[in-house]
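A.B. asks: Can you keep this structure in mind? I'll have questions shortly.
The values are calculated or read from the model by the stated rules, or taken from the named source; none is laboratory data. Small disclaimer: the values here were computed from a predicted structure and weren't measured. A quick note on method: Cβ atoms are made from the backbone with ideal geometry, for glycine too, and the neighbour counts reach across all protein chains shown.
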Amino acid sequence: MRCEYAWRGSVRSPAVKERQAAIDQACRPGFYKASSGNVKCSKCPPHSYTHQEGAVHCACEKNYFRAEEDPVSMACSRPPSAPRNVISAINETSVILDWTWPADSGGRKDVIFNVVCKRCWLGPRQCEPCRGAVRFLPRATGLANTTVTVVDLLAHTNYTFEIEAQNGVSAQAPTVRQYAAVTITTNQAVQAVSETKTRKIVTPLSTLALRQIIQLPLLSYKTQAEQGDGCVNGQSTPSAVTVIRKDRTSRNSISLSWMEPERPNGIILDYEVKYYEKQEQETSYTILRSKGTNVTLNGLKPDTTYLLQIRARTAAGYGGSSRKFEFETSPDSFSISSENSQVVLIAVSSAVAIILLTVLLYIVISRFCRYSKSKHPDEKRLPFGNGHLRLPGIKTYVDPHTYEDPSQAVHEFAKELEASCIAIDKVVGAGEFGEVCSGRLKLPSKKEICVAIKTLKAGYTEKQRRDFLSEASIMGQFDHPNIIRLEGVVTRSKPVMIVTEYMENGSLDGFLRKHDAQFTVIQLVGMLRGIASGMKYLSDMGYVHRDLAARNILVNSNLVCKVSDFGLSRVLEDDPEAAYTTRGGKIPIRWTAPEAIAYRKFTSASDVWSYGIVLWEVMSYGERPYWEMSNQDVIKAVDEGYRLPPPMECPATLYQLMLDCWQKDRNNRPKFEQIVSILDKLIRNPSSLKITASTTSRPVNLLLDRTSTDITSFHTMGDWLESARTLPCKDAFSGVGYSSCDTLAKTSAE
Ligand code: AMP
């Protein structure tokens, strides 16, 4: 080659001459030549520069670096940003941490993750490195994948895990660590649970959403203590009892029952019930202990007001006391003297006769009403309308319509806020009654919090004001980590406002579309679990949502999903998806169960159908159910037994759950409680999510016919069915305790 070049030298063309000149020349600023041989000057790679002539390499820009082994021709790079969307799934004393890749990998591919474990007491500043037997699977440092399992943690203990992203130049960067942190509280250890078999066992994942406090960069940090749980020697005590119900009162006794604290943080050993006469100002009081969630206070004075507080006790100690509840015994007027006992006897017999007559009359009238109601399209939302048996002591939803004066309902269930405590920042959405804004709420002696503010636009009618505020009357009755929390209302000044907690990521449908294919299956299941848990709470309360859809779920910065959009008739009026049916009334057809479309039979079971559609929306990252099919075609297809096919890469177990939610007979659909438990098991056993329902490409607008005797004949189902029908089906569902193969067989035989 060289000889040839030398020979050609004597007869060089102008182009060759030019090239040789370029090689002989010293490089200009912005160019470099690593060796002095016959090479051309090269432009400085990205994020590097040289201001001098004749440079042999380019220096990196500020905050950019080159690893030792990086060639000079490689772009300078920087450390990665922090991992994102950390999700924790707690299973007794172990936790699976899952996160997504940093938004900025720093321009390198050699990103690895290190997980630091800290055991924390009252806050992030009171932490120490985890010691002892805590184990990381596969390991704590140098992780190439975005998941790790941490086992052998202590029971009922707060831990903070810092997940740091590093790459080949992280060591050269100044000391800022790029990490995301998650704080969790472990549950009861397995051994302790089996020792106390007879007690109610706290479902390990039942409070996952609440316990999962994720600290991403720029997010404010919330400690467990701020959430109302106490801490004894680093162990969390139960949260306060918040719901107490008076079951019966007499002249000398009061029977009460209450709900277990929302965060028991362990097995509840017993409850301490403290009560005293209101007049006595707590100078003398009585303490009772109760193993269950009810008690009868005997030996009380007639017509007297008593104050009462309850607190739960676990192995970690007493939890916070409930607020003081006030109860009155019956007045003395019923005391019977021996002289007039005969008169009383006659009076009592007459009363019994009147009651019997009233009951008889009621039965006749209610039968008549039921008949006429079934013909009436406008069935109202009733507290006991979901077909669930609710136990005494469980708070039930009160329909604000049952109040003669609806503004009384608002003031019963919602706190009146001073407008001066609210600062509006910007508009974030549009509601039916006016704009939705983000802002801040600062109540006296409370920390400032971010809020969403729904406003009622000027020129409203009295009915619009009532309908607008009915959402607050409903929301104010709920208290659950997966239900949007009402902070209060402004009704005494204008504009009228409803103030709720702020959900940074907005509606779930838009959020998923924006982050198409960016989450792990476990993260999606975590979100779905939250929605199911919120819905379980609502159905336990006797509330039927009627408009459950991804657009009505809000997502916060920790990926916690919360059910929103409550209201009376207006929920459906407000929803752009709702369409008029032949029976009148607006219904979001694609999300609604056939019996609710056909004869307005809205129950928790119809909410379960809608949940199945939300499940499909989540697994398909916000795709529109039934795509561009018309509402009429959807009604017809569903009625004929067709169902949506599995979304791309949807685990078979989740698709089976969808199909079960879409059972025609509403009695065969799972209850929300079962759905929560199924999802918990899937989270604890992630391998059960590995078999996908469809390994082929995303199905195109083809519904699955459930009535077919051979559903394998559907091409888009082929792979899924193959895997579900044969052995792997058993593998997929084993450990989940969910007999999906049976259901499948049944489906095929139908
Ligand atoms: P809505 O009237 O409840 O349907 O709200 C209209 C829109 O406002 C929603 O689609 C959200 O984008 C936004 N929005 C409502 N409530 C909140 C909230 N609590 N936090 C953040 N955005 C919200």
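A.B. asks: Tally the residues that are assigned to a loop (DSSP other than H, G, I, E, B) and within 23 Å of GLU164 (Cα to Cα), restricting the search to segment 44-74.
C.D. replies: Qualifying residue count for the region: 8.
A.B. asks: Going through segment 661-683 one residue at a time, which ones are of a type in the set (D, E, K, R) and farther than 13 Å from ILE613 by Cβ?
C.D. replies: Residues satisfying the conditions are LYS664, ASP665, ARG666, LYS671, GLU673, ASP680, LYS681.
A.B. asks: Tell me, which residue of segment 483-494 that is within 15 Å of the ligand (Cβ to nearest atom) and outside any strand (DSSP E or B) is nearest to SER677 (Cα to Cα)?
C.D. replies: ILE484
A.B. asks: Moving to a separate point now. Of the residues GLN464, GLN477, which is part of a helix (DSSP H, G or I), of a type in the set (S, T, N, Q), away from the ligand (no atom under 12 Å from the Cβ) and on the phi < 0 side of the Ramachandran plot?
C.D. replies: GLN464
A.B. asks: Going by the structure shown, is SER105 crowded, with 18+ Cβ neighbours inside 10 Å and of a type in the set (Ser, Thr, Tyr)?
C.D. replies: In short, no.
A.B. asks: Considering only segment 164-184, how many residues are over 17 Å from LYS109 (Cα atoms), touching an Asp or Glu at 6+ places or on another chain (Cβ under 7 Å) and surrounded by 21 or more Cβ atoms within 10 Å (Cβ to Cβ)?
C.D. replies: 2
A.B. asks: Which of the following residues is free of Cβ contacts under 8 Å to residues at least 60 places away in the same chain, within 19 Å of LYS324 (Cα to Cα) and in a loop (DSSP other than H, G, I, E, B): LEU300, LEU307?
C.D. replies: LEU300
A.B. asks: Does at least one position in segment 611-622 carry a residue that is more than 23 Å from ILE87 (Cβ to Cβ) and in contact with a strand residue (DSSP E or B) (Cβ under 8 Å, 6 or more places away or on another chain)?
C.D. replies: No, the conditions are met nowhere in segment 611-622.
A.B. asks: Need the failing condition index for GLU649 against (1) crowded, with 20+ Cβ neighbours inside 10 Å; (2) in contact with a strand residue (DSSP E or B) (Cβ under 6 Å, 6 or more places away or on another chain), just the number.
C.D. replies: Of everything listed in (1) crowded, with 20+ Cβ neighbours inside 10 Å; (2) in contact with a strand residue (DSSP E or B) (Cβ under 6 Å, 6 or more places away or on another chain), GLU649 misses just condition (1).
A.B. asks: Continuing with this model, one more query. Can you name the residue in segment 394-447 that is charged (D, E, K, R) and outside any loop (DSSP other than H, G, I, E, B) and, of all such residues, is nearest to the ligand (Cβ to nearest atom)?
C.D. replies: Among residues in segment 394-447 that are charged (D, E, K, R) and outside any loop (DSSP other than H, G, I, E, B), the one nearest to the ligand (Cβ to nearest atom) is GLU435.
A.B. asks: Identify all residues within segment 501-530 that are touching a helix residue (DSSP H, G or I) at 6+ places or on another chain (Cβ under 6 Å), part of a helix (DSSP H, G or I) and within 16 Å of the ligand (Cβ to nearest atom); write none if there are none.
C.D. replies: Within segment 501-530, LEU508, ASP509, GLY530 qualify.
A.B. asks: From GLU623, GLU673, GLU640, GLU628, which residue is acidic (Asp, Glu), modelled with pLDDT of 95 or more and farther than 21 Å from VAL544 by Cβ?
C.D. replies: It is GLU623.
A.B. asks: Scan segment 531-551 residue by residue and report those that are part of a helix (DSSP H, G or I) and either more than 10 Å from the ligand (Cβ to nearest atom) or crowded, with 24+ Cβ neighbours inside 10 Å (or both).
C.D. replies: ILE531, ALA532, SER533, GLY534, MET535, LYS536, TYR537, LEU538, SER539, ASP540, MET541, ALA550 - these are the residues of segment 531-551 that are part of a helix (DSSP H, G or I) and either more than 10 Å from the ligand (Cβ to nearest atom) or crowded, with 24+ Cβ neighbours inside 10 Å (or both).
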